[in-house]
Amino acid sequence: MPLSQGPDGLLEFHLTDAALGLVLDVDPDHKFDSLLIALRGLGIELEFGADGKIYRPTRIRWTRGDFHEMPYLRTNNLYYGPDSSDGVAARAVNSLSKGRVA
């Protein structure tokens with residue numbers, strides 16, 4: 001069964017949320033390299049600023065074709081919205097709400 005079938009997308013969301021929280025709570029300016037590469041390999045993307053930092057909450061999206069939509073999810077670190085598959089639009093809204101340019 002592919003990772004995104006059934007509850008696995010939800011599991012990936014919460015595992016990514018936990019990883020972000022563990023690191024960003026200790027080092028808010030941390031620039032993620034390995035995590036972003038590993039997630040990209042799984043067909044998952046996180047939004048991050050031009051400076052390479054992740055600003056909380058950041059948007060997660062799945063780019064692989066076998067992903068099944070989930071309901072809207074939000075934590076202090078991460079959010080998923082099924083209503084938009086366009087990361088550019090979400091980045092612009094996220095940046096405006098935080099007073100930053102993505």
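The values are calculated or read from the model by the stated rules, or taken from the named source; none is laboratory data. In this text the structure is predicted, and so the values were computed from the model without any measurement. Cβ atoms come from the backbone with ideal geometry, glycine included; neighbour counts cover every protein chain shown. Heads up: the accessible areas ignore ligands, DNA and RNA and are worked out on the full protein's heavy atoms, side chains in. Shrake-Rupley method; radii C 1.70, N 1.55, O 1.52, S 1.80 Å.
Simple spin-label estimate for residue 35 and residue 55 gives 1.7 nm between the two label positions (7 Å along the Cα-to-Cβ direction from each Cα).
Length available on full extension from residue 75 to residue 8: 0.36 nm per residue minus the Cα-Cα distance, which gives 22.4 nm. Accessible surface computed residue by residue for the range 1-80, with neighbouring protein chains in place and a 1.4 Å probe, gives 56 Å² per residue.
What the phi angles of the range 21-28 give under the Karplus curve with 6.51, -1.76 and 1.60, with θ = phi - 60°, is a coupling list of x, 4, 7, 5, 5, 8, 9, x Hz, glycine and proline written as x.
Under 5 Å between amide hydrogens, built in the peptide plane, is the criterion, and for residue 44 it picks out 63 among residues at least 5 positions away or on other chains.
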